[in-house]
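K.L.:
Structure below; questions to follow.
The values are calculated or read from the model by the stated rules, or taken from the named source; none is laboratory data. The model shown is predicted, which means the values in this text are computed figures rather than measured ones. Cβ atoms come from the backbone with ideal geometry, glycine included; neighbour counts cover every protein chain shown. When the accessible area is computed, the model is the full protein with side chains, heavy atoms only, and any ligands, DNA or RNA have been set aside. Shrake-Rupley method; radii C 1.70, N 1.55, O 1.52, S 1.80 Å.
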Amino acid sequence: MDLTILIPLAVFVSVTAVVILVRERLSNGERRIDQRFDELQNPDGSPSDGIRGISRVSSAISTLVEKASPQLAKPLTPSNAHEVTQLRQRLSYAGLRSDLAPSVFLSAKVACLALGFFLGGGTLIFTGDHSPQAIARLVLFAGGGLLLPDLVLRFLTKRRHEQLFFGLPDAIDLMVVCIEAGLGLDQAMRKVSEEMRKTYPVVAYEFELSTMHQQMGMNRIQVFRDLGQRNGEDDLRSLAAVMIHASRFGTGIGLALRNHGDAMRIRRRQMAEERASKSAVKLIFPLVLFIFPAIFVVLIGPAAINIVRFLMPVMNGG
């Protein structure tokens, strides 16, 4: 088989494997409704043949990606520990915290770069087409493929920060209720993670992870500090600072959390008011481009038709 066919085929297979792996990691298992349907179809608890086949295929693809990603990620692997730490921090902000996340991310960048190279006409370069249009198209597609994983990572980070931002006030209110009912801070965080698992799963996961770290014997202040640092969200970092201050100096954690929750709700209301005030300015462009022309056609159209029908013949005749 020709090399120009083999290389795009290999790139396509690797990109497909990476996309399937990332989607599997982001899905966090089946939804509860799918699990319930499966329980109703299989009362004995044994998985169906289709689910077993899908799990075997996904495990085989995961094994393939685990073996291939370190080799593909070698050209873009950071050269020092500081860059590795920054890469892991960026992936942690998006919720990708496994040991293979950096290598999979870098291998995805290499695969997307190769795919963009061939989609941009990289094979034509070898045949002798060195026109400026072909080179510009090649650079555009290759650069877009290289930046595509970064854009996806930025989108995932933004979506995760929004979920944390909108879920934290409710989580704080629930923590205040639990603490005022007599629970400790650890038990309150565990209760919040159990109750908010369906409404705000990101907040529940972070609280559950912090509770697990405390059960493993980590220092409470270090656990709260890690909670604020591993997400990169300002409100969660300020919440961690409040809990660290209350744990270190022995102040009332319930009152501190209540004040912090009220401040977060005020900030959310101010942001909503700010967006509402900006909407009038943003509406100018669709009004000018789409609505005003239609209004002008309706208002001026009949007068223009009458001018063309009656006034123009008179002027030409005169």
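K.L.:
In square angstrom, what is the accessible area per residue of the range 228-318 with a 1.4 angstrom probe?
P.N.:
On a per-residue basis, the range 228-318 sits at 72 Å².
K.L.:
Quick one: if the Förster radius is 51 Å, what FRET efficiency do residue 180 and residue 285 give, using the C-beta to C-beta distance and rounding to 0.05?
P.N.:
0.55
K.L.:
So if I restrict to the alpha-carbon atoms in the range 102-201, what is the Rg, and what is Dmax, the biggest pairwise distance, in Å?
P.N.:
Both quantities, over Cα of the range 102-201: 24.1, 77 Å.
K.L.:
Carbon and sulfur together cover what percent of the accessible area of the range 195-280 at a 1.4 Å probe radius?
P.N.:
54 percent
K.L.:
Lysines within cross-link reach of residue 198: Cα-Cα under 29 Å, excluding same-chain residues under 8 positions apart?
P.N.:
Of all the lysines, those that pass the test against residue 198 - Cα under 29 Å, at least 8 places apart if same chain - are 158.
K.L.:
For residue 274, what is the net charge nearby, where nearby means another residue's Cβ is under 11 Å from its Cβ and Lys, Arg count +1, Asp, Glu -1? Don't skip to the answer; put the middle values down first.
P.N.:
Values: positive: 267, 268, 269, 275, 278; negative: 273.
Summing Lys and Arg as +1 and Asp and Glu as -1 gives +4.
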